[in-house]
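Below is one structure, written out as structure tokens; the observations come after it.
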Amino acid sequence: MKTDFDAAIVGGGFAGMYMLHRLRMLGFSARVIEAGKGVGGTWYWNRYPGARCDVESVQYSYQFSRELEQEWEWTERYATQPEILKYANHVADRFDLRRDITFETRVTEASFDEADNVWIVETDNGGRFVARFLIAATGCLSSPNTPKIPGLADFRGPTYHTGNWPHEGVDFTPSTVGVIGTGSSAIQSIPIIARQARHLTVFQRTANYTVPAHNRPLDPDYVREVKATYPEMRRRAKSLPAGIDLKVNMASAIETPDRERARLFQERWDYGGLGFMAAFSDLLLNDESNKTAADFVRAKIHEIVRDPATAELLSPKNIIGCKRLCVDTAYWETFNRPNVTLVDVSEPPIDRIAPDGLHAGGREYKFDTLVLATGFDAMTGALLKVDIRGRKGRSLRDKWREGPTTYLGLTMAGFPNLFAITGPGSPSVLTNMLPSIEQHVDWIAECLQTLRAKGARVIEATDAAEQDWVAHVGQVAGATLRSSCSSWYVGANIPGKPRVFMPYIGGLPAYIERCEAVVKADYEGFSISA
Ligand code: FAD
Ligand code: NAP
């Protein structure tokens, strides 16, 4: 069968864009198929008020092009969604990517033809592409989760999901608003919605930890210094588990005297951002150490929030850092506003949505605009929305019935020539995603180059290699507190989803080393054929 391209890339976010560029540079033909009207993925869809990165902008950026790195000017410590989207568009223009992207097209099916060793890709508008390789750049957090709450369809006013926000924006000025959820998206948007709305009611199922961002405009001298030393910063970042260049204190929290420990937490709190969890090395290794950090944040909540009952309700009871830590601007302070009400919907849960509000715990709450900040079917959601069929017509949905299984988070046994960028079983969402994306793209590009050099057309993970990797991913997950709570990392936010800790928690350096060792050993764990 004649191929249309060497590679079909599904998704035009940061992963799909760089994959296209990289393959083109190597002389492969490729096409990106993207459901949205533009590039940017996450930053194209998540346009809710307050959306911004929580990894500092100078690090949450591509490093594959020194020129790009030097010419782009980030203006804030944590860039806003519009600025990040502008960056994505700049990259698309600079590297002339759009001519190989098909927009407004969703891939619905992809099947491997064993006779010709090609992927046949079908789209929602009747399109059909044939490609040697299929590369899923579909995103870890790109399939919005709309909970099945009875009555949702009957709500009379507008309903918005943070993960699919209207492009024209929303003005909440005259409205009364209900927000369901208190994850990162809610924590970023609630302070801004509260400033606009006549009244805001926040429906909280699980209280969440957040630390201040202390966002600010970037000092031009600082930016100059970063640009002058970018390679060193990127190298330091790659040597740390989360791929973020930040100060890590190797001391144990419980072995540090109380006053010194409090001083160090305060220092991190004043600095702001995700580095709070690097205040000590054992915060995610044992309950006692973790409790010292959790207690520190809980005390802050009680200090900031004036009403003690609201402060207590806002205080998380679980492990800090088990769910992804949030980074906010004036989140706790928002609950001191007279126009904001917090409602506990943990037990009993929301009973139903009514045309003019919702019912929970035997009470009725009225509002005219509903915001669902209810997250995503993370890591596997977007991939499994596509009917992917490998050898003998076996579907990925069937293979992953008990949870995702991959080799290196990149490939799947039984699905030759299929690659997933930041797939389950790779560090992905536990890291600064940009370097993780680049590492995967580079690995895939090198793999395709090697196949071409060998005159080979098919690569496939062996069952044994996949089983070993899955066992390793599970084993390292069990060693941290992170796998111990109900989070989207384990699929707990989606009813019926198998409970498996999906990302690889062994850290970026160990992971990169393993990926490189596999290549050095002539693609150990893969079978390669003509
Ligand atoms: P995405 O950006 O999700 O792009 C995937 C694309 O694939 C989407 O455009 C989607 O439309 C398309 N697609 C999916 N399925 C199909 C299909 N079947 N057919 C056609 N197209 C399809 N990470 C960080 O490291 N730091 C941060 O600060 C950070 N902040 C975030 C903030 C928010 C609000 C969210 C939701 C995530 C954040 N992340 C952050 C994670 C973020 O998703 C990644 O950093 C990164 O943007 C992912 O890029 P991607 O290209 O892999 O996926
Ligand atoms: P999320 O963390 O999954 O939060 C979803 C929220 O909705 C949770 O509070 C959840 O409660 C609640 N919820 C879901 N279904 C519900 C129901 N039926 N009833 C009541 N409450 C319900 O999703 P998110 O906030 O969109 O963030 C997802 C991830 O995207 C983040 O963890 C992060 O990785 C990334 N992100 C990053 C940033 C950033 O700062 N740069 C911003 C946004 C998102 P439970 O906790 O009880 O499940």
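Among residues other than GLY414 with Cβ under 14 Å from its Cβ, the summed charge is +2 (Lys and Arg +1, Asp and Glu -1). For HIS161, the amide hydrogen comes within under 5 Å of the amide hydrogens of LEU372, counting only partners 5 or more places away or on other chains and with H modelled in the peptide plane.
How much of the accessible area of the chain, probe 1.4 Å, is carbon plus sulfur, in whole percent? Don't skip to the answer; put the middle values down first.
Values: 11080 of 21860 Å².
Carbon and sulfur atoms account for 51 percent of the accessible area of the chain.
Annotation: lysines with alpha-carbon distance below 16 angstrom to LYS317 (same-chain offsets under eight excluded): LYS291, LYS300. With viscosity 1.306 mPa s and temperature 10 °C, the Kirkwood radius over alpha carbon pairs of the stretch 386-507 converts through Stokes-Einstein to a diffusion coefficient of 104 µm²/s. Accessible surface of GLU69, taken over heavy atoms with a 1.4 Å probe and every protein chain present, rounds to 10 Å². Taking a straight line from the alpha carbon of LYS247, these aspartates and glutamates sit under 13 Å away, with near neighbours fewer than eight places off in the same chain left out: GLU267.
Charged side chains reduced to their Cβ positions (Lys and Arg at +1, Asp and Glu at -1) give the stretch 285-429 a dipole of some 920 debye around its Cα centre.
Other residues within the sphere of radius under 10 Å centred on the Cβ of LEU430, judged by their own Cβ, net out at +2 (K and R +1, D and E -1). Hydrodynamic estimate: the Kirkwood radius of the chain over Cα pairs, inserted into Stokes-Einstein at 4 °C and 1.567 mPa s, corresponds to D of 54 µm²/s. Note on ASP398: accessible area approximately 60 square angstrom, rounded to 10, probe 1.4 Å, nucleic acids and ligands left out. Shape annotation for the stretch 149-288: C-alpha extents along the principal axes are 54, 41, 24 Å, from largest to smallest. Report the Stokes-Einstein translational diffusion coefficient (µm² s⁻¹, integer) for the stretch 3-64, Rh taken as the Kirkwood radius over Cα pairs, at 25 °C with viscosity 0.890 mPa s. Answer, rounded: 187 µm²/s.
For LYS520, a cut-off of 19 angstrom between C-alpha atoms picks up these lysines, skipping any fewer than 8 places away in its own chain: LYS454.
Across the stretch 34-40, computed HN-Hα scalar couplings (Karplus, 6.51 cos²θ - 1.76 cosθ + 1.60, θ = phi - 60°) run 10, 5, x, 7, x, 7, x Hz from first to last residue, x flagging Gly and Pro. To the nearest 10, the accessible area of TRP43 is 20 Å² with a 1.4 Å probe.
Show LYS454, LYS317 ordered by accessible area, largest first, where the area counts protein heavy atoms only and the probe is 1.4 Å.
Details: LYS454 100, LYS317 140 Å².
So the residues, ranked largest to smallest area, are LYS317, LYS454.
Of TYR160, TYR523, the order by accessible heavy-atom surface (1.4 Å probe, DNA, RNA and ligands excluded), from most exposed downward, is TYR160, TYR523. At a probe radius of 1.4 angstrom, the accessible area of the chain per residue rounds to 41 square angstrom.
Counting Lys and Arg as +1 and Asp and Glu as -1 over every other residue whose Cβ lies under 11 Å from the Cβ of GLN81, the net charge comes to +2. Computed extension length for GLU312-ASP398: 26.6 nm, one decimal, from 0.36 nm per residue of separation with the Cα-Cα distance subtracted. Close amide H partners of VAL327, meaning residues 5 or more places away or on another chain with modelled amide H under 5 Å apart, are VAL211.
The values are calculated or read from the model by the stated rules, or taken from the named source; none is laboratory data. It should be emphasised that the depicted structure is a prediction, and the values quoted were computed from it without experimental measurement. A quick note on method: Cβ atoms are made from the backbone with ideal geometry, for glycine too, and the neighbour counts reach across all protein chains shown. The area values use the complete protein model at the heavy-atom level, side chains included, leaving out ligands, DNA and RNA. Shrake-Rupley method; radii C 1.70, N 1.55, O 1.52, S 1.80 Å.
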